[in-house]
Amino acid sequence: MTFELPLFPLNSVLFPGMPLGLHIFEDRYKIMIQECIDEQQPFGVVLIQEGQQEMGPATPFSVGCTAEIAHVEKLPGGRMNILALGRERFRIHSLSRHRPFLTGTVERFPLAVNNKLDSTTAGRRLKPWVARYLDLLSEIGDVEFDAGQLPSDPLTLAYLAATVLQVEAAHKQALLASENVESMLSSMTGLYRQELPVLRIMLEEGDQQREGPGEFSLN
């Protein structure tokens with residue numbers, strides 16, 4: 001079943017259950033967000049495939065995530081700071097530019113769980129990699145992290161792990177567009193295996209810079 005959804009093309013990817021903070025300052029998005037507030041309806045967050053976020057029409061990827069507005073801070077000139085929460089995936093059937101903002105005819109596109117046992121196993125394999133990665137991020141950013149806070153539900157873990165992973169938006173878009181949770185978890189395990197050593201090197205280089213030259217350094 002399809003329905004019309006206002007779309008917000010961005011240079012970032014939103015996943016279900018994850019928060020998104022936005023500063024609304026363009027007139028077209030002031031109109032869009034105010035309509036969503038008045039009608040208590042979500043909008044769709046989509047990654048830009050072609051075009052620019054601020055200028056002219058942007059063409060998005062076909063899979064996005066609905067966003068429900070949770071908090072609004074009104075600012076002078078009709079500007080707003082909003083906090084939205086990702087709700088559910090959707091797939092775009094067609095785009096329309098007859099409004100000041102982009103809209104799409106979309107259908108819900110829930111992430112399938114083909115085999116519960118396989119998804120649980122894949123989640124267990126990924127979880128320690130995410131814990132190690134977040135431990136390193138906490139060292140870099142001086143942020144406290146408790147590995148016990150990681151969700152055990154494979155789907156929730158998949159979306160959280162995809163959000164915190166520091167990779168290009170195109171990689172995150174590929175994860176969002178996964179056909180099932182098992183393949184998403186498996187892909188992320190591979191990405192975490194690649195990114196964890198990179199993050200560790202960044203941390204070591206940062207420590208060396210903070211320490212400065214040694215006592216007998218020629219520099």
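Read the figures in this text as sums done on the coordinates, not as results from a lab. Just so we're clear, the structure is a prediction, and the values are computed from it rather than from any experiment. Quick reminder, even Gly has a Cβ in these numbers, built from the backbone with ideal geometry, and neighbours come from all protein chains shown.
If one computes the Cα centroid of region 87-117 and of region 1-24, what distance in Å separates the two points? So the two Cα centres are separated by 10 Å. In the chain, helices alone account for a calculated mean residue ellipticity at 222 nm of -13500 deg cm²/dmol, with every DSSP H run of four or more residues adding -39,500 (n - 2.57).
Remark: region 15-20, residue by residue, has Karplus-estimated 3J(HN,Hα) of 10, x, x, 9, x, 9 Hz, where x stands for each Gly or Pro and the curve is 6.51 cos²θ - 1.76 cosθ + 1.60 at θ = phi - 60°. Which of the following values of mean projected area of the Cα convex hull in nm² was calculated from the structure shown: (i) 11.6; (ii) 16.1; (iii) 16.7? Of the labelled values, this structure produces (ii).
So how strong a dipole does the chain carry about its Cα centre when Lys and Arg Cβ are +1 and Asp and Glu Cβ are -1, to the nearest 20 debye? Intermediate results must be reported in sequence, preceding the final value.
Working: 19 positive and 28 negative charges, 142 e Å.
Here the chain has a charge dipole of around 680 debye.
Principal-axis analysis of the Cα atoms of the chain puts helix 154-164 at an angle of about 80° to the longest axis.
Amide H contacts of Glu88: Thr66, each under 5 Å away and 5 or more positions distant or on a separate chain (H built 1.01 Å from N in the peptide plane; Pro and chain starts excluded). Shape of region 1-66 from its Cα gyration tensor (a ≥ b ≥ c, root eigenvalues): rounded if a/c is under 1.5, otherwise prolate when a/b > b/c, or oblate? It is rounded, given that a/c, with a ≥ b ≥ c, falls under 1.5.
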